[in-house]
1. Please state which of the following conditions residue A:104 fails to meet, knowing it meets all the rest: (1) more than 11 Å from every other protein chain (Cβ to nearest Cβ); (2) within 22 Å of the chain's Cα centre (by Cα).
2. Looking at (1) surrounded by fewer than 24 Cβ atoms within 10 Å (Cβ to Cβ); (2) more than 21 Å from the chain's Cα centre (by Cα), can you tell me which one residue B:231 breaks?
3. Please verify whether the range A:238-261 includes one or more residues that are under 16 Å from the mean Cα position of the chain (by Cα), in a loop (DSSP other than H, G, I, E, B), modelled with pLDDT under 85 and surrounded by 14 or more Cβ atoms within 10 Å (Cβ to Cβ).
4. Which residues, counting only those in the range A:211-225, are of a type in the set (D, E, K, R) and either touching a helix residue (DSSP H, G or I) at 6+ places or on another chain (Cβ under 6 Å) or over 21 Å from residue A:134 (Cβ atoms) (or both)?
5. Regarding the range B:39-59, can at least one residue be identified that is at the interface with chain A (Cβ under 9 Å from one of its Cβ atoms) and either at pLDDT 80 or above or exposed (fewer than 14 other Cβ atoms within 10 Å of the Cβ) (or both)?
6. Does residue B:215 satisfy being part of a loop (DSSP other than H, G, I, E, B), touching a Gly at 6+ places or on another chain (Cβ under 8 Å), within 14 Å of chain A (Cβ to nearest Cβ) and polar (S, T, N, Q)?
7. For the range A:161-187: of the residues being under 13 Å from residue A:212 (Cβ atoms) and hydrophobic (A, V, I, L, M, F, W, C), which is surrounded by the most Cβ atoms within 10 Å (Cβ to Cβ)?
8. Counting only residues that are assigned to a strand (DSSP E or B) and closer than 15 Å to residue A:83 by Cα, which one in the range A:12-24 is modelled with the lowest pLDDT?
Amino acid sequence: MTASQPVVELVDIGKTYPGTEPSLRGTKLETLGPALWLKKLGRALRLTAVSENAVQALEEVSLRIHPGEVFGILGANGSGKTTLVKIMAGLLAPSRGSGRVAGWSLHRTAEIRRRVSYVSTTGWMGLEWALTAEENVRFFARLCGMSGALAKERTDQALAAVGLLADRQKAVSALSNGMRQRVILARALLLRTPLVLLDEPTVGLDPVHRNEMLRLVREVLPARGQTVVLVDHQADALEGVLDRAAILAEGRVERLGTPGELVSALRQVRVLELLTRGGDMPAGPAPALVRQVVRTPRPGPLALTHWRIRVSEQPHALESVLVWLLSGGGEVVQVSERAPALADLFASSSLAAEAGA
Amino acid sequence: MSARPQVSRAKGQLWPTLRRELATLWAFAVREYRMWQSYRVNQLMWLVNIFVTTLLFFLIGEMVKGQAARLLGPAYGNNYMSFIVVGVAINVFLYTNLADPYTRIARSYYNGTMDLLLLSPMSVFTPLFGFMTKSILDDYPRLFVVGAFGMLLFGAAFRFQYSLIAIGFTVLILASSFGIGMISASSFYLLNIKRGTEPVRFLVQGLLATLLAGTYYPVTVLPRPLQWLACLIPHTYAFDALRRLMDPGAELGGAVLPVQQALPWPPLLVDGLALGLMTLILVPLGLLLYGRGIEKARRDGTLTRWQ
């Protein structure tokens, strides 16, 4: 792969999951159990192999990600982000389409594995919780073929980079969730792979550590010549981090561009942030200029409710919204108005579609 | 853009690849030992479990030793404790090698470490072998501890003049049972059996080995057709060989198994050839099926739990 070639090039990628197997609950298969496996193995296999409800996870996804870029894959839950990144990592085979990752065809998974670091915060994050942070990171270094001395040196460097050197001897089970996430980021920092895939690396982090992790992503990895693909469903604070981003909705790339280009699609939208004490969703219809309402009650004795209301940019928009909102009861405690940010773009696919119309 | 120098591989460089895979296996072994060590109560339970198992069979042995000794026949001597201690020790050895691949793959799948293992630059088979380092770490000491408990506390007697041959047999036993273990593990991905009873393990260990292999009684007490059926699994040859080698009252000659009676060779040679043949068939078959399973799961999206 030469410096000018894209690190990731995907053409019309589609992915269909075969679907879930029918439940055996209450059937003969469940009651007879192993005896039936033996007696009617062929029939049992056919029955359990029947697939229903195939899921279309990705459709006609085409992307080019260039060397040194920090590229975002953004979208709501279930939009296909993780499926896409797992295809890039070689953990999933696409059902349709073709592509190359780090210069290798998607079929060459062994080659791709040697050139990709993948960090995922889902599940147990690939950590053994009985072992210390250092043991976890060093084990991965050894899996990647590093000698004992190099593994130790890189482990120390990586743990220092994520601020965990002092906690290195603590068992992962004794670490906070944020610290565990930093352990897995340390794992990604061990290697100098051309491509680093980070699947929701900042979920659950407090703002300080979230910013610190994003700083690492923005400054450290590209400086080492690594291309970063960052998957997230919370786009807050990502605008200063990403060079470009793709926004996925229902398995398709809905938008692609720099954060500025993407946000400019919403130039006629304003976002109202309100805090009310009490107050239910008004029974009457919202004013026509309201595009989306996100209501989040905050637990506690103050009975506060946060409202994020996206509206078309029109004169007296705030007044119209306040009148409508107060018709539901309660009192307004705080009001602010702001320009849309990247997060607003995929908060609702209908909003994005409307903005692009 | 810099590639990782530590993972660069030129074609034909077999030794560096092998060395790296061995280093990875060592890393697995260290990790497994550290995990075992981190649960301190494990170590105590490990010893208590061995003691209780041996004690249980000592008590049964005490109860039936006169009658049982007659059933053992000249081939296996007349000390039921020696007979049963070898049976129990080897059965545990076989069981973990047969069952661990599936259970460890399942555990890694459900806790998300499989993602990590499949994304590192090692072969997809290395985690499977890596998990087995735990079995080896656990089983070989167990073999000696069971033997020691049996000898020191319960009247079992062993001879050590054929120890090297016995160790060679344990390697064959480990390899052949691991072959079945890999076939069992492949069902996790190939047949998408992710819960409940895994059929290969149930058939071999839960049914055939428990009833027919001769862990607690010699196969000669079984009807003749079942004795032939017993010859299809490695357990039967493993028990026969180790008892002949380790029990001071046992004979090296004197055919017991139907296959030994049918062939003109010494029984130990038949045992060795049978285990070797099973290894040659089952290990490549296990690797093939497991590799197919991984590819199928990669297509179906069932390779890792979290999507």
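1. Tallying (1) more than 11 Å from every other protein chain (Cβ to nearest Cβ); (2) within 22 Å of the chain's Cα centre (by Cα), residue A:104 fails exactly one: (2).
2. So the condition that residue B:231 fails would be (2).
3. Yes: one or more hits.
4. A:215, A:218, A:219, A:224
5. Taking the range B:39-59 as the starting set, the residues that turn out to be at the interface with chain A (Cβ under 9 Å from one of its Cβ atoms) are B:39.
Keeping just the survivors that are either at pLDDT 80 or above or exposed (fewer than 14 other Cβ atoms within 10 Å of the Cβ) (or both) gives B:39.
Within the range B:39-59, one or more residues are at the interface with chain A (Cβ under 9 Å from one of its Cβ atoms) and either at pLDDT 80 or above or exposed (fewer than 14 other Cβ atoms within 10 Å of the Cβ) (or both).
6. Numbers: part of a loop (DSSP other than H, G, I, E, B): yes; touching a Gly at 6+ places or on another chain (Cβ under 8 Å): yes; within 14 Å of chain A (Cβ to nearest Cβ): no; polar (S, T, N, Q): yes.
Taking the combined requirement at face value, the residue does not satisfy it.
7. Initial filter on the range A:161-187 (under 13 Å from residue A:212 (Cβ atoms)): A:161-164, A:178-179, A:181-182, A:185-186.
Going one step further and asking which of them are hydrophobic (A, V, I, L, M, F, W, C), we end up with A:161-162, A:164, A:179, A:185-186.
Working: A:161: 16, A:162: 24, A:164: 21, A:179: 18, A:185: 25, A:186: 29.
Once the filter is applied, the top-ranked residue is A:186.
8. Going through the range A:12-24, the residues assigned to a strand (DSSP E or B) turn out to be A:12-17, A:20.
Still in the running and closer than 15 Å to residue A:83 by Cα: A:12-17.
Values: A:12: 95, A:13: 95, A:14: 93, A:15: 91, A:16: 88, A:17: 82.
Among them, the one singled out is A:17.
The values are calculated or read from the model by the stated rules, or taken from the named source; none is laboratory data. Computed from a predicted model, the values in this text were never measured in an experiment. Glycine also receives a Cβ, built like all others from the backbone with ideal geometry; neighbour counts cover every protein chain displayed.
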